[in-house]
Amino acid sequence: MRIEPDFSLEDYNTFHLPVRARWFMEYADEAELERILRDEYFHELSSLHIGGGSNLLFLNDFNGIILHSAIKGITPVKETDEAVWLRVGAAEVWDDVVAYAAGKGWCGIENLSLIPGETGAAAVQNIGAYGAEIKDVVDTVEAYNPSTFAKQLFAKEDCKYGYRDSFFKEESHDPYIITYVTLRLMKQALFNLAYGNLNEALASSAPLTPAKVREAVVRIRREKLPAPEELGNAGSFFVNPVVSQEHFDRLKREYPSLPSYPAKDGHVKIPAGWLIEQCGLKGKRAGAVGVYAHQALVIVNYGGATGNEIALFAEHIRDTVNRRFNVLLTPEVRYIG
C-alpha cells in the first residue's frame, strides 16, 4: 500500500495541471482497498477515486484523499470455440489490453486502440471510438461499495450503459470502486469498419486481422489527436450532442453538409467537433489554452494553463456553439473542485 501526503497530481491528470492532493492512497489488491475503506480516517475526508486522469479537469488542489488502484493483470478465465473471456485489473492501461487482445487475434476492442486511461475508468465512462464502445464486450464488472464495504458482481445489463454513461457515473446511489472488468472477445473475424475513414484506411490490408485494424486506428488517431504526454489534453472534451429529428431537420436545411448518426428514440447525434469547427474555433488559442489545430473536439494545455482557464475557454466554446446552432454542448470531461 502506498500512502503519501501533499502529493503532486501532475502525472495523474492528462492536462498536466500542477495540482496537489492532501493525501494520495494507492492499493495493490482488493484486501488493501478494503483496509482503506474500513479506516475511519478515510471517511472523515472527501475522497476521489481516479484512474489515469484522462477524463478529469482539476480546478484547484484537492483537499482530501485521492484513491488510485494498482490492481493489474490480464487473465483468460474462460474459453470456447467462439470466444474468450479476459479478466482485467482496473489499473491496467487500456491500450495495453487492446494490444494484448489484438496480438492474440481476438476481436472486439481493436477500434478502441490508443484511448488513454485505465481499464476501470474505461468501464465507468463507456469509452468509444469508430462505432464501437466498451459496453459491446463487457461481460461482468467487479466493484466495491465504499459505504458498505461489500463487493458486488455487475452483469453487463446491471451497468446500465449509455452513450459515455453508466450506472457507475450516477450520483443517485452509493459510489462504487471497480477492481476488475471481464471482457468477452470473439475469436472469429467480426470487424466494425463503417465509421469515419477506417474502411478506406484498410482498403489494401486484406486479409484483415485485429492487429491490422488496431494499426490503422492508431495511425489515424495519431494524425488527428495530440499525445497527452506531449501536449496536455483529455481527448474529446465534449460529448456529441443528441437532438430531436425536428431540430436536426432545421439545421440540415441551413447547413446541408451537417453530418449525423442515428440515435435512440428517433433522435439524431451530431458531431460536436463539426459544430465547433463551423464556428471558426479550430486552432484558436487564448493564452496557454486552445482548440487543437487538427481536431476541434480537443482542448489543449500548451503549458502553464490552470484548470479554471481551461474551464472558461470551454465555456466560451459552448456559448459560441449554442448561439449559432441552438445546441448546448455537454463536457465529457469531469470537473473536480
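The values are calculated or read from the model by the stated rules, or taken from the named source; none is laboratory data. Small disclaimer: the values here were computed from a predicted structure and weren't measured. All Cβ positions, glycine included, derive from the backbone under ideal geometry; neighbour counts span all protein chains shown. When the accessible area is computed, the model is the full protein with side chains, heavy atoms only, and any ligands, DNA or RNA have been set aside. Shrake-Rupley method; radii C 1.70, N 1.55, O 1.52, S 1.80 Å.
All conditions in (1) crowded, with 23+ Cβ neighbours inside 10 Å; (2) under 13 Å from residue 182 (Cα atoms) hold for residue 87, with the sole exception of (1). Only one of the numbered conditions (1) open to solvent by less than 80 Å² (accessible area, probe 1.4 Å); (2) out of contact with any helix residue (DSSP H, G or I) (no Cβ under 8 Å at 6 or more places or on another chain); (3) of a type in the set (Gly, Ala, Ser); (4) in contact (Cβ under 8 Å) with a residue 12 or more places away in the chain is violated by residue 293, and that is (4).
When residue 72 is tested against (1) open to solvent by 40 Å² or more (accessible area, probe 1.4 Å); (2) more than 16 Å from residue 1 (Cβ to Cβ), just one condition goes unmet, and that condition is (2). Considering each residue of the range 229-273, count those that are more than 25 Å from the chain's Cα centre (by Cα) and either in contact (Cβ under 8 Å) with a residue 60 or more places away in the chain or surrounded by fewer than 19 Cβ atoms within 10 Å (Cβ to Cβ) (or both), and give that number. Within the range 229-273, residues that are more than 25 Å from the chain's Cα centre (by Cα) and either in contact (Cβ under 8 Å) with a residue 60 or more places away in the chain or surrounded by fewer than 19 Cβ atoms within 10 Å (Cβ to Cβ) (or both) number 15.
Could you tell me whether the range 284-296 includes any residue that is in contact with a strand residue (DSSP E or B) (Cβ under 9 Å, 6 or more places away or on another chain), closer than 19 Å to residue 225 by Cα and of a type in the set (Ser, Thr, Tyr)? Within the range 284-296 (the criterion being in contact with a strand residue (DSSP E or B) (Cβ under 9 Å, 6 or more places away or on another chain), closer than 19 Å to residue 225 by Cα and of a type in the set (Ser, Thr, Tyr)), the answer is yes, since at least one residue qualifies. Could you please let me know if residue 251 is over 15 Å from residue 292 (Cα atoms) and either part of a loop (DSSP other than H, G, I, E, B) or touching a helix residue (DSSP H, G or I) at 6+ places or on another chain (Cβ under 9 Å) (or both)? Yes.
Per the listing 180, 161, 195, the residue uniquely within 17 Å of residue 134 (Cβ to Cβ) and open to solvent by 50 Å² or more (accessible area, probe 1.4 Å) is 195.
Just wondering, is there one or more residues in the range 14-29 that are assigned to a loop (DSSP other than H, G, I, E, B), over 29 Å from residue 311 (Cα atoms) and in contact with a Phe, Trp or Tyr (Cβ under 9 Å, 6 or more places away or on another chain)? No, because not a single residue in the range 14-29 is assigned to a loop (DSSP other than H, G, I, E, B), over 29 Å from residue 311 (Cα atoms) and in contact with a Phe, Trp or Tyr (Cβ under 9 Å, 6 or more places away or on another chain). Scanning the range 198-208 for residues that are surrounded by fewer than 17 Cβ atoms within 10 Å (Cβ to Cβ), under 26 Å from residue 104 (Cβ atoms) and either touching a residue at least 24 places away in the same chain (Cβ under 8 Å) or not aliphatic (A, V, I, L, M) (or both) gives 199, 204, 205, 207. Filter the range 43-63 for residues that are under 14 Å from residue 145 (Cα atoms) and touching a strand residue (DSSP E or B) at 6+ places or on another chain (Cβ under 8 Å); which is least open to solvent (accessible area, probe 1.4 Å)? Top of the filtered list is 48.
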